[in-house]
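Single-structure report; data block below.
The values are calculated or read from the model by the stated rules, or taken from the named source; none is laboratory data. Owing to the predicted nature of the structure, the values given are computational and were not obtained by experimental measurement. Because the Cβ atoms are built from the backbone with ideal geometry, glycine has one as well, and the counts that use them run over all protein chains shown.
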Amino acid sequence: MGRLSPKMLVTVVVGILALILLSTSIYIVDQTERAVITRFGRYIDTKGPGLHVKLPFGIDRNYTVNVETVQSQEFGPRTMRSGNYQNQSSQAAESTMLTGDLNIIDVEWIIQYRISDPKAWTFNVMNDERVKTIRDVSRSVINMLVGDRAIMDVMGVERSAIQAAGVVLMNETFNSYGLGINVFAVQLKNVFPPSGVQAAFDDVNKAQQDLERLINEGQQAYNEEVPKARGEAEQRIQEAQGYAAERVNNARGDVARFNSVYEEFRRAPEVTRQRLYYEMVEDVFSGEDKTIMIDRNLENFLPLRNLGGNR
């Protein structure tokens, strides 16, 4: 094999230097990532997605951070998976808490977060301490929130309040630490009473469920009966108003008729009196079909009625 000429040797060296230059000066940032750039170990910029150029040979270094992926941490022995940095005893310890009414309770929960500040995430906390810090802060916050409430509230009506307050308090703590993450969800997955009193708590939960069911049934009956009663009341009011209007109109008609008769009586008393008499007789005998009238002034004549005949 022949020796390389000086010209070829220079070409090879230049080619190698060019490859090193390109490989150490060009980098690509994915759509879900941000690149934190340092120069001689000092932060200078954060780059977004795309193809970028930096100073070669290690002068500039880029640290890519995924800012879009949702990351999560689970707490409690029932939700932990094998391979986690904690052992089983510590897992049980982190889920066992003391409530405000001095009862012991097991809580399983999960937090979800994203990296919101790539610079803070890269520089403010060491790599091997990040997860531990997140878990310690989460445990501290949930322990405090559970410790401020009675056991039945933690297992029932206060779960949503604990989750909402957990998000706020965790973010406040992480921001004070400059960790560069944003927690957007805290979920209490399971809440268990001590095993020795599980049956008693089951009875209490059943009683609460029965109470809520009875309340809902009563509310349903109320919603059905009250509108019905209101409708019937409105119907009665309308009927009464109609009856009152009818009586008033009849009374006004009677008054008008009486006034008209009285006016005629004033003009011709005898004629009016005679007409009223005839109308009275007509009204009295209107329902009779075999009426016999005898003149009371009849003289020298004996009225005789054949009771055995048709007439």
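Candidates are the residues of the stretch 63-98 that are modelled with pLDDT under 90 and among the charged types (D, E, K, R); the one that is farthest from residue 159 (Cα to Cα) is 81. When we screen 204, 186, 191, 154 for residues that are without any contact (Cβ under 8 Å) to a residue 60 or more places away in the chain, of a type outside the set (Phe, Trp, Tyr) and within 19 Å of residue 74 (Cα to Cα), the only hit is 154. Within the stretch 146-188, which residues are under 17 Å from residue 116 (Cβ atoms) and part of a strand (DSSP E or B)? Hits for the stretch 146-188 are 181, 182, 183, 184, 185, 186. Restricted to strands (runs of 3 or more DSSP E) entirely inside the stretch 31-72, those with at least 3 residues that are buried (at least 17 other Cβ atoms within 10 Å of the Cβ) are 33-39, 60-66.
The test for being closer than 23 Å to residue 102 by Cα, loosely packed, with under 14 Cβ neighbours inside 10 Å, under 22 Å from the mean Cα position of the chain (by Cα) and assigned by TED's automatic domain parsing to the domain that holds residue 107 holds for residue 157. Checked against the criterion of being within 29 Å of the chain's Cα centre (by Cα) and either at pLDDT 90 or above or not assigned by TED's automatic domain parsing to the domain that holds residue 189 (or both), the candidates 101, 148 yield just one match: 148.
The rows are residues; the columns are (1) within 30 Å of residue 156 (Cα to Cα); (2) modelled with pLDDT of 80 or more; (3) more than 60 Å from the chain's Cα centre (by Cα); (4) polar (S, T, N, Q).
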{"position": "235", "(1), (2), (3), (4)": "no, yes, no, yes"}
{"position": "251", "(1), (2), (3), (4)": "no, yes, no, no"}
{"position": "270", "(1), (2), (3), (4)": "no, yes, yes, no"}
{"position": "273", "(1), (2), (3), (4)": "no, no, yes, no"}
{"position": "284", "(1), (2), (3), (4)": "no, no, yes, no"}
{"position": "295", "(1), (2), (3), (4)": "no, no, yes, no"}
{"position": "304", "(1), (2), (3), (4)": "no, no, yes, no"}
{"position": "310", "(1), (2), (3), (4)": "no, no, yes, yes"}
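For beta carbons closer than 7 Å, sequence separation of 6+ or different chains, a first residue in the stretch 53-79 that is assigned by TED's automatic domain parsing to the domain that holds residue 133 and a second that is surrounded by fewer than 16 Cβ atoms within 10 Å (Cβ to Cβ) and modelled with pLDDT under 90, the qualifying pairs are 77/88; 77/92; 78/190; 79/189. Being touching a residue at least 40 places away in the same chain (Cβ under 8 Å), crowded, with 17+ Cβ neighbours inside 10 Å and either out of contact with any strand residue (DSSP E or B) (no Cβ under 9 Å at 6 or more places or on another chain) or assigned by TED's automatic domain parsing to the domain that holds residue 37 (or both) is a condition met by no residue of the stretch 87-94.
Look at the stretch 23-35: where a residue is in contact (Cβ under 8 Å) with a residue 24 or more places away in the chain and over 15 Å from residue 115 (Cα atoms) and a partner is surrounded by 12 or more Cβ atoms within 10 Å (Cβ to Cβ) and not basic (Lys, Arg), sitting 6+ places away or on another chain with Cβ atoms under 6 Å, you get 24/56; 25/56; 27/52; 27/62; 29/35; 29/49.
Could we say that residue 231 is within 20 Å of the chain's Cα centre (by Cα) and either assigned to a helix (DSSP H, G or I) or not small (Gly, Ala, Ser) (or both) here? For residue 231, the condition - within 20 Å of the chain's Cα centre (by Cα) and either assigned to a helix (DSSP H, G or I) or not small (Gly, Ala, Ser) (or both) - is not met. I'd like to know if the stretch 190-212 contains one or more residues that are more than 30 Å from residue 107 (Cα to Cα), surrounded by 10 or more Cβ atoms within 10 Å (Cβ to Cβ) and not assigned by TED's automatic domain parsing to the domain that holds residue 75. The answer is no, given that none of the residues of the stretch 190-212 is more than 30 Å from residue 107 (Cα to Cα), surrounded by 10 or more Cβ atoms within 10 Å (Cβ to Cβ) and not assigned by TED's automatic domain parsing to the domain that holds residue 75. Does residue 244 satisfy the condition of being more than 30 Å from residue 156 (Cβ to Cβ) and either modelled with pLDDT of 90 or more or not hydrophobic (A, V, I, L, M, F, W, C) (or both)? When the stated conditions are applied, residue 244 passes them.
Using the structure shown, decide if residue 108 is modelled with pLDDT of 90 or more, under 29 Å from residue 22 (Cα atoms) and not basic (Lys, Arg). In short, no.
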